[in-house]
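Peer 1: Pasting in a structure now, in structure tokens, and then I'll have a few things to ask.
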Amino acid sequence: MTPAEKLAMKRYYFIVAVNMLGTAGAVIGLLVAGRAQVYGMQLFGGAILLASLYFIAVVPRFLARRWKTPAEAAPEA
């Protein structure tokens, strides 16, 4: 395996880990909001949920765009 392939695999696994972390945060937010007895805790759980959904939607795309191979460096097909 070439160093470029190893780097690509590490980056892929990192993006997958970020998605899993965001999903875990969303589940925790749902649990906090669902089990809360006080409105403030429900609001806090909802905030965690929304922040996690934003994290899932934005961070992997940002990382993929940041690590994208430049057009002139891409191998020709």
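Peer 1: Suppose R0 equals 25 Å. What FRET efficiency, 1/(1 + (r/R0)^6) with r the Cβ-Cβ distance, do Ala4 and Val27 give to the nearest 0.05? It would help to have the intermediate numbers written out before the result.
Peer 2: Working: r = 35 Å, r/R0 = 1.41.
It comes to 0.10.
Peer 1: With all protein chains present, how much of the accessible area of the chain (probe radius 1.4 Å) comes from carbon and sulfur, to the nearest whole percent?
Peer 2: 69 percent
Peer 1: A further question follows. Given only helices, namely DSSP H runs of n ≥ 4 each adding -39500 (n - 2.57), what is the per-residue ellipticity at 222 nm of the chain, to the nearest 500 deg cm²/dmol?
Peer 2: Taking each H run of at least 4 residues, the total per residue is -28500 deg cm²/dmol.
Peer 1: Starting from the Cα of Phe44, step 7 Å along the direction of its Cβ; do the same at Arg66; then give the gap between the two resulting points in nm.
Peer 2: Modelled inter-label distance: 3.0 nm.
Peer 1: Continuing with the same structure: Return the inverse of the average 1/r over all pairs of distinct C-alpha atoms in the chain, which is the Kirkwood hydrodynamic radius, in Å to one decimal.
Peer 2: This gives a value of 14.5 Å.
Peer 1: Counting heavy atoms of the protein chains only and a 1.4 Å probe, report the per residue accessible area for the range 14-66 as a whole number of Å².
Peer 2: On a per-residue basis, 72 Å².
The values are calculated or read from the model by the stated rules, or taken from the named source; none is laboratory data. Only a predicted model underlies this, so the values are computations on that prediction, with no experimental measurement involved. Because the Cβ atoms are built from the backbone with ideal geometry, glycine has one as well, and the counts that use them run over all protein chains shown. What goes into the accessible areas is simple: the full protein's heavy atoms, side chains included, and nothing from ligands, DNA or RNA. Shrake-Rupley method; radii C 1.70, N 1.55, O 1.52, S 1.80 Å.
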